[in-house]
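Below: the structure, in structure tokens.
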Amino acid sequence: MSDGYLWGQMTWPEIRAAAEQGRVALLPVGVVEQHGYHLPTRVDTFLAESICMRAAAEMPDRAIVVPPVVHGFVPHHMDFPGTITVRGPVFIDYVVDVCKSIVSHGFDRILILNGHGGNTSVLDIAAKVVTLDTGAFCAFLSHWELEPVKRVVAELRESPPAGGMLHADEYETSVYLAFDPDGVQMDKAVKEYEVPESRYFWMDMFGGGDRITAARFIQPWSSFTESGVAGDPTVATREKGERFVAAAVEGLVELVDEMRERPIRKAVDRHGRQDSRIVGDDSRVGPW
Ligand SMILES: [Zn+2]
């Protein structure tokens, strides 16, 4: 039995054994999109996959990393060369099919680790559909939502809250520097962000200080940033990135272990009908 944890480098008997071990399947999901003058287009997929790989290396008996979903939902960046988008419903169907394939091989716990903010609303639907259609436990979150990451960001961030960290910014650039320092052209990094005047219309990966919330709203990125950056990558450093990555790995290991211990609750038909069409796992495939 190999102790491999990279799905794409394993044989089918090794993957069958990994399923029998009850490992959690980690599915990195990103996008190909512009990331300013200083970062390459692969950032979101590369970071999600790299974090999954680093975390799985710490728990090769409890996790397996599936090859990533490279393309995602990003119509709001299409004014910049290099961005590739997939329509929302197509993306949802694609991710659902990938996850159902994983479930069909015996994995009953999947964690989608997202690396692209624009994917969140569609991945939310995809994860719900997988869970409700298959009875497996499919959860999703973005790496900046892991609790240890939020804690370290609060400690280290120099960009202002509510608008200072969003895209190709201090966080993303630092994390990229930690994994591939030669891939960053720091001399081309520029600071570009809007300090919000509205209580509701602002965006920031890590929230906004004393502001209570933000209304969801996307403008074409080209309408408010010339470089494509939203944030301040000039204060990014490899040292910060290594702290962020360590926090992400800590959070991911913690989350995988919780998922492994958490019982999977089965649906119960409360209709009281003898001939209910939705009784039994095989028929639990609805149109939702
Ligand atoms: Zn990004």
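The values are calculated or read from the model by the stated rules, or taken from the named source; none is laboratory data. Every value quoted in this text rests on a predicted model; they were computed, and no experiment measured them. Positions of Cβ are generated from backbone atoms using ideal geometry, with glycine treated the same way; all protein chains shown enter the neighbour counts.
Among the residues of the range 245-286, write down those that are at pLDDT 80 or above, of a type in the set (D, E, K, R) and touching a Lys or Arg at 6+ places or on another chain (Cβ under 9 Å).
First, the residues of the range 245-286 that are at pLDDT 80 or above: 245-272.
Checking the rest, the ones that are also of a type in the set (D, E, K, R) come to 250, 254, 257-258, 260-262, 265-266, 269-270.
Once the filter is applied, which keeps residues that are at pLDDT 80 or above, of a type in the set (D, E, K, R) and touching a Lys or Arg at 6+ places or on another chain (Cβ under 9 Å), the range 245-286 yields 257, 260, 262.
Against the definition (more than 16 Å from the ligand (Cβ to nearest atom) and closer than 20 Å to residue 32 by Cα), how does residue 219 come out, yes or no? Judged against the criteria, residue 219 is a match. The listed residues are 124, 93, 97, 108, and the only one of them that is within 14 Å of the chain's Cα centre (by Cα), surrounded by fewer than 18 Cβ atoms within 10 Å (Cβ to Cβ) and more than 16 Å from the ligand (Cβ to nearest atom) turns out to be 124. If you go through the range 121-139 and pick out every residue that is within 16 Å of residue 27 (Cα to Cα), in contact (Cβ under 8 Å) with a residue 60 or more places away in the chain and either touching a Pro at 6+ places or on another chain (Cβ under 8 Å) or not in a helix (DSSP H, G or I) (or both), you end up with 3. Against the conditions (1) without any contact (Cβ under 8 Å) to a residue 60 or more places away in the chain; (2) away from the ligand (no atom under 12 Å from the Cβ), residue 52 satisfies every one except (1). Any idea which of (1) within 15 Å of the ligand (Cβ to nearest atom); (2) without any contact (Cβ under 8 Å) to a residue 60 or more places away in the chain; (3) more than 29 Å from residue 242 (Cα to Cα) is the one residue 88 doesn't satisfy? Result: residue 88 fails condition (1) only.
The single condition among (1) surrounded by fewer than 22 Cβ atoms within 10 Å (Cβ to Cβ); (2) in a helix (DSSP H, G or I) that residue 51 does not meet is (1).
Suppose we filter the range 1-48 for residues that are of a type in the set (A, V, I, L, M), in a helix (DSSP H, G or I) and within 16 Å of the ligand (Cβ to nearest atom); how many remain? Reasoning before the result, please.
Here is the first cut: in the range 1-48, the ones of a type in the set (A, V, I, L, M) are 1, 6, 10, 15, 17-19, 24-27, 29, 31-32, 39, 43, 47-48.
Restricting the remaining residues to those that are in a helix (DSSP H, G or I) gives 15, 17-19, 43, 47-48.
Next, from what is left, pick out any that are within 16 Å of the ligand (Cβ to nearest atom): 43, 47-48.
The total comes to 3.
Do you know which residues across the range 56-85 are closer than 26 Å to residue 256 by Cβ and assigned to a loop (DSSP other than H, G, I, E, B)? I'd like the intermediate steps shown before the answer.
Of all residues in the range 56-85, those closer than 26 Å to residue 256 by Cβ come to 56-73.
Correct list: 58, 59, 60, 61, 62, 66, 67, 68, 70, 71, 73.
For the range 150-187, the set of residues classified as within 14 Å of the ligand (Cβ to nearest atom) and not in a helix (DSSP H, G or I) consists of 165, 166, 167, 168, 169, 180, 184, listed by residue number.
May I ask you to say which residue of 29, 74, 96 is in contact with a Gly (Cβ under 6 Å, 6 or more places away or on another chain) and over 17 Å from residue 183 (Cβ atoms)? Step by step, each of 29, 74, 96 is checked, and only 74 is in contact with a Gly (Cβ under 6 Å, 6 or more places away or on another chain) and over 17 Å from residue 183 (Cβ atoms).
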